[in-house]
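Working notes for the structure below.
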Amino acid sequence: MPKLKTHKGAAKRFKKTGTGKFVRGAAFKRHILTSKTTKSKRQMRGTEEVSEADAPRLRKMLPYS
């Protein structure tokens with residue numbers, strides 16, 4: 001049987017949790033941070049759960065994670 005290839009770009013950006021959900025880092029935190037408020041920068045820390053609409057696509061991209 002042919003094996004499925006992992007999408008390497010997705011593998012670097014998303015992780016699967018123990019319950020099978022996917023988590024991602026927050027966007028808008030790379031540059032021009034001086035114009036953003038402290039509150040918004042603080043809320044961008046850590047990880048967020050991927051929306052349910054995008055999860056099926058990630059399941060195909062990361063079959064063995």
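Throughout, read-outs are computed from the coordinates displayed, never taken from laboratory work. Please read these numbers as outputs of a predicted model, since none were measured by experiment. Here the Cβ is made from the backbone with ideal geometry for all residues, glycine too, and neighbour counts use every protein chain on show.
Restricting attention to the stretch 1-23 and to residues that are hydrophobic (A, V, I, L, M, F, W, C) and surrounded by 13 or more Cβ atoms within 10 Å (Cβ to Cβ), the residue that is nearest to Glu49 (Cα to Cα) turns out to be Val23. Taken over the stretch 4-42, the criterion of being without any contact (Cβ under 8 Å) to a residue 12 or more places away in the chain, charged (D, E, K, R) and part of a loop (DSSP other than H, G, I, E, B) is satisfied by Lys5, Arg30, Lys36.
Given the criteria out of contact with any helix residue (DSSP H, G or I) (no Cβ under 7 Å at 6 or more places or on another chain) and loosely packed, with under 10 Cβ neighbours inside 10 Å, does Thr38 qualify? Taking the combined requirement at face value, the residue satisfies it.
Out of the stretch 43-59, which residues are surrounded by fewer than 10 Cβ atoms within 10 Å (Cβ to Cβ) and outside any loop (DSSP other than H, G, I, E, B)? Listed by number, the list holds a single entry, Pro56.
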